[in-house]
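Written out below as structure tokens is the structure these notes cover.
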Amino acid sequence: MGYMEEYKSWLTRFAADEETIAELKSIENDEKEIEDRFYTSLAFGTGGLRGVLGMGTNRMNVYNVRRATMGLAQYVKAHGTEHKGVVVAYDSRIKSDVFAKETALTLAAAGIKAYLFESLRPVPILSYSVRHLGTAAGVIITASHNPPQYNGYKVYGEDGAQIGPDVADEIIASINSLQYEECVPMDEEEAKEKGLLQIIGNKEVDDDYIEMVKTLSLRPELLEKRGADLNIVYTPLHGSGNVPVRRLLKELGITKVTVVKEQEAPDGRFPTVTAPNPEDPAAFKMAIPLAEEVGATTVFGTDPDCDRLGCAVKDKDGIWRTLTGNQIACLMLSHILESRKANGTLPANAAVVKSVVSTNLAKAICDSYGIPIFDVLTGFKFIGEKIQQFEEKGDHTFVFGFEESFGYLSGTQVRDKDGVNASLLLCETTCACMDRGETLYDALQKLYQKYGYYKETGHSVVLPGKDGVEKMKGIMDNLRNNPPAQLAGLKVTGIRDFGRSIRIADGKEEKLDYPKSNVLYFELENNNWLCIRPSGTEPKIKLYVATKADTQEATDALNAALTAAAQEIMK
């Protein structure tokens with residue numbers, strides 16, 4: 001069926017839904033908009049659904065949420081775990097609460113008990129609750145740090161990690177077998193009467209989660225000594241981090257926490273920022289002036305679902321420095337390894353995990369402690385899978401995992417990046433710096449002086465719609481078939497093609513032991529590299545550029561030259 005026929009079918013099949021019909025009729029003279037909404041179905045990937053809000057097969061709406069939920073329900077039943085139930089949470093985005101209730105009641109209609117949170121919660125609490133409650137799966141309604149017109153539907157397996165490709169394929173097969181009309185939610189009161197809907201909150205999950213995060217403190221005596229002196233400005237960026245982050249810090253004795261009032265209340269419009277993303281320095285445009293006003297030297301920010309943490313710090317010259325995700329991770333990693341070695345809690349088989357597009361500075365740090373570091377594909381689910389593998393094999397003990405996109409984890413009871421856990425780690429790392437009479441920025445410079453100057457930058461090209469998908473495919477196909485021999489004067493020493501699961505070097509091929517993914521990674525001489533991949537959640541192609549040199553100036557110049565060369569070959 002073509003996109004116009006699909007559009008007309010919606011006008012018929014959902015005729016009883018006045019709001020849906022009114023929205024669809026408002027675009028009846030805009031063929032390009034109709035094409036974008038109906039040329040394909042919203043893809044259910046390994047992270048679930050994510051898309052622009054609106055009516056259509058290629059949009060986030062109640063019909064796609066119900067269909068995805070019924071597909072998940074069929075998967076759970078097929079594996080005989082329906083008696084465990086499914087836990088459902090949501091963040092502050094537009095219609096998140098509506099989609100969460102639709103999810104819970106659709107599960108109830110399938111005969112599966114839903115545990116629905118009473119109000120918005122972060123991703124890490126959802127991940128924790130799956131393991132804590134022993135459910136078969138978990139769902140959270142969120143689009144992470146995307147702009148306000150987006151929402152999403154993320155699915156977690158019974159290990160608390162986002163589902164992997166194999167599970168996603170099974171759920172997709174179920175979804176594709178279903179018609180929208182088959183996916184009808186149960187009445188709320190009926191679901192409660194039948195015991196198929198339970199509303200949960202602090203008593204069932206939150207209190208235990210906060211206590212668990214406290215156990216991840218490596219030097220509680222340091223927090224007791226310095227915590228009261230640590231002066232922080234925090235912004236939840238209109239999201240779900242406000243309550244758990246502030247509660248945790250208060251219970252740890254960090255009492256000088258000033259919240260950006262304009263960004264405190266949950267608001268899916270995100271009216272004070274262009275995008276609610278702590279990766280973007282602009283996210284701190286209100287927090288830094290407030291920090292100056294209250295005398296704070298550190299600014300924290302979490303995204304709407306509180307799985308990412310960003311920060312800005314004041315150096316000794318009074319200049320505010322916004323740190324990258326790689327820099328924050330390496331400061332945390334150094335603190336973790338140093339503290340655990342000093343207090344005798346560093347396991348002999350300790351291991352660190354990072355995404356393949358994250359900094360190699362972490363490897364240099366791990367090498368100095370004799371600790372192995374494992375690379376996985378982009379997506380924290382792959383870090384969660386690695387934790388599970390470590391536990392099953394007993395060969396390694398997980399101590400830290402991170403992604404360059406501001407995601408960190410130091411425990412194992414959550415299997416996704418955790419902005420609350422990260423808040424603890426960064427506070428403790430800052431207190432350790434204070435105890436040495438230095439700032440976080442000083443500590444970062446010491447890492448560079450010891451291991452070399454690393455710089456990583458990310459760049460994106462937005463390519464929306466059907467044409468954009470084709471352009472991204474063309475870019476990746478061209479780079480596969482016509483790879484560069486050198487970039488910015490640096491020889492390409494190896495190519496990792498994760499789409500074909502091979503590494504090519506010196507004219508020879510070797511197998512890569514990774515799931516297949518449309519990612520190209522170019523190894524360059526002198527420990528430099530770049531990586532190109534289409535985003536799995538947004539209509540954009542992403543470029544990662546990483547350089548290393550003996551001075552900051554040299555690595556900055558090399559990074560700029562390599563970026564320009566990479567952008568040229570992507571045209």
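Between S41 and E391, what's the calculated FRET efficiency when r is the beta-carbon distance and R0 is 45 Å? Round to 0.05. After rounding, the FRET efficiency stands at 0.80. Beta bridges assigned by DSSP with both partners in the range 228-451 are antiparallel in approximately 40 percent of cases.
Legend: helices of the chain (whole DSSP H runs) are marked when their alpha-carbon atoms reach 18 angstrom or more along the helix axis and their mean Kyte-Doolittle hydropathy is at least 0.5; marked are 96-109, 419-435. Its Cα centre serving as origin, the chain has a Cβ charge dipole (Lys and Arg +1, Asp and Glu -1) of approximately 1020 debye.
Over all distinct Cα-Cα pairs of the range 1-86, the Kirkwood formula returns a hydrodynamic radius of 14.2 Å. Computed over the range 453-569, the percent of Cα pairs more than 16 Å apart is 61. Only aspartates and glutamates eight or more places from K8 in sequence, or on another chain, were considered; those with a Cα closer than 17 Å are D17, E18, E19, E23, E28, D30, E31, E33, E35, D36, E181. Per q in 0.18 1/Å, what log10 I(q)/I(0) does a Debye calculation on the alpha-carbon atoms of the range 82-136 return? Calculated log10 I(q)/I(0) at the listed q: -0.55.
Take the alpha carbon gyration tensor of the range 228-451, find the square roots of its eigenvalues, order them as a ≥ b ≥ c, and report rounded if a/c is under 1.5; if not, report prolate when a/b exceeds b/c, else oblate. It is prolate, given that a/c is not under 1.5 and a/b is the larger ratio. Where a ≥ b ≥ c are the square roots of the eigenvalues of the C-alpha gyration tensor, would you call the range 294-410 rounded, which needs a/c under 1.5, or, failing that, prolate if a/b is larger than b/c, or oblate? It comes out prolate by the Cα gyration axes.
Once you reduce the range 521-571 and the range 321-389 to the center of their Cα atoms, the two points are 22 Å from each other. With both residues required to sit in the range 40-207, DSSP beta bridges show an antiparallel share near 45%. This structure gives Rg/Rh (Cα atoms, Kirkwood Rh), computed directly, and of [x] 1.01; [y] 0.96; [z] 1.11 that value is listed as [y]. Enclosing the Cα atoms of the range 203-339 in their convex hull gives a volume equal to 119 cubic angstrom per residue. Considering only beta bridges that DSSP places wholly inside the chain, some 65 percent are antiparallel. If you take the Cα centroid of the range 216-258 and the Cα centroid of the range 70-105, the two points sit 32 Å apart. Summed over qualifying helices (DSSP H, 4 residues or more, each -39500 (n - 2.57)) and divided by its residue number, the chain shows a 222 nm mean residue ellipticity of -12000 deg cm²/dmol. Dipole magnitude for the range 453-569: about 440 debye, using +1 per Lys or Arg Cβ and -1 per Asp or Glu Cβ, origin at the Cα centre. Semi-axes of the equivalent ellipsoid of the range 334-478 are 31, 21, 15 Å, computed as sqrt(5λ) over the eigenvalues of the C-alpha gyration tensor in descending order. Normalised by 2.2 N^0.38 Å, where N counts its residues, the alpha-carbon radius of gyration of the range 40-207 equals 0.92. The charge dipole of the range 259-363, taken about its Cα centre with unit charges on the Cβ atoms of Lys, Arg (+1), Asp and Glu (-1) only, comes to about 500 debye.
None of the figures in this text is laboratory data; all of them are computed from the coordinates on show. Only a predicted model underlies this, so the values are computations on that prediction, with no experimental measurement involved. Please note: Cβ atoms are built from the backbone with ideal geometry, for glycine as well, and neighbour counts cover all protein chains shown.
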